Amino acid sequence: MTLSRLLPALALVALGACARASSVAEPARPVAAAITDGQGVLTAMHTRYVGKFFTTLSFAQNTTNITQAGREIKGVWYEYIAVPGRLRIDYLPLSSRSGVLYAGGRIHSFADGKPQAPQRGWNALQVLIADVYGQPVDSTAFQLDSLGFDLAAIHQTQWQGKAMWVVGARAGDTTTSQFWIDRDSLLIRRVIQRDARAARPVVTDIRFYRYQDVGGYPVSFDVHFYRDGRLYFKEEYFDVQVNVPIPAEVFDPTKWSSSQIKRTANK
């Protein structure tokens, strides 16, 4: 799950036993407090899971890049998340020493082990997948506001048979930056980001499918990326592990090449 290359996600090491995935029974309980804005949605998410969510998540993922002509280009990434605020993505083969690292509010990109100039920012997917449950609500709100989400704009809708909170846009608007939260489970289902930096604005629509239980925690195993309505990238997770310690150097940009972790699971 990388938005710096418009292909994140996260999106995390054979450090311990791999948790076995099974269908997850998502909690279905009403939100007690009235919700009138995005801050209220974030508060409900945090309150539901604080102290009950994973603090680390690691996985391998099969990636599929779909060209305009329909050709599929396959790849594999390793991802490591530590809550809050740390995300590492290694692009295989590891010998390429390429990938991206989010840490301390900075984005560090690497090619052949060589760092590019870091940029300030956060990965919206990581914030909404994990950090929202493990950091203060005000921190999450600040980060999402910095990423262009209008927390004052909110509405409700249905998507794939489920009731959703939509934060960042008014009803009928599907091109402004926004995120969709399942009202029952309070988990992320969809993130839409509008990038207006280019001559022609680009809208990326990220959708989270197939939530499964891993060690008692819900994890989405399939993530699809659409650009201007066209499916262009898919992620399929495997070898998913939760709450397995991840060495601090994995998230140290000065130790990018020396802190690589080799995984043994394949799919």
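Read-outs: derived from the displayed coordinates by stated rules, not from any lab. Everything numeric here is computed off the predicted structure, so don't read it as measured data. Backbone-built Cβ (ideal geometry, glycine too); neighbour counts: all protein chains shown.
Values computed for the structure shown
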{"quantity": "Cα-based reach from LYS234 at 18 Å (exclusive), listing lysines while leaving out same-chain residues under 8 positions away", "calculated": "LYS74, LYS267"}
{"quantity": "Karplus-derived HN-Hα couplings along region 91-102 (A = 6.51, B = -1.76, C = 1.60, θ = phi - 60°), whole Hz, x at Gly and Pro", "calculated": "8, 7, x, 4, 4, 6, 6, 10, x, 9, 9, 10"}
{"quantity": "Reach of LYS262 by Cα under 14 Å, taken over aspartates and glutamates that are not fewer than 8 positions away in the same chain", "calculated": "GLU79, ASP90, ASP239"}
{"quantity": "For the chain, convex hull volume per residue from C-alpha positions, Å³", "calculated": "132"}
{"quantity": "Additional length obtainable on full extension of the chain from ASP195 to ILE73, 0.36 nm per residue less Cα span", "calculated": "41.5 nm"}
{"quantity": "Nitroxide proxy distance, nm - points 7 Å out along Cα→Cβ at ARG227 and ASN65", "calculated": "0.9"}
{"quantity": "Length-normalised contact order of region 60-127 in % [C-alpha pairs under 8 Å, at least 6 apart]", "calculated": "20"}
{"quantity": "Point-to-point label distance, THR174-TRP159, nm (Cα→Cβ direction, 7 Å offset)", "calculated": "1.0"}
{"quantity": "Cα gyration tensor shape for region 188-267, rounded if a/c is under 1.5, else prolate or oblate", "calculated": "oblate"}
{"quantity": "Interchain or long-range residues, amide H under 5 Å from ASP173's placed H", "calculated": "none"}
{"quantity": "Computed FRET value (nearest 0.05) for THR264 with ASP138, which takes r as the C-beta separation and R₀ as 41 Å", "calculated": "0.50"}
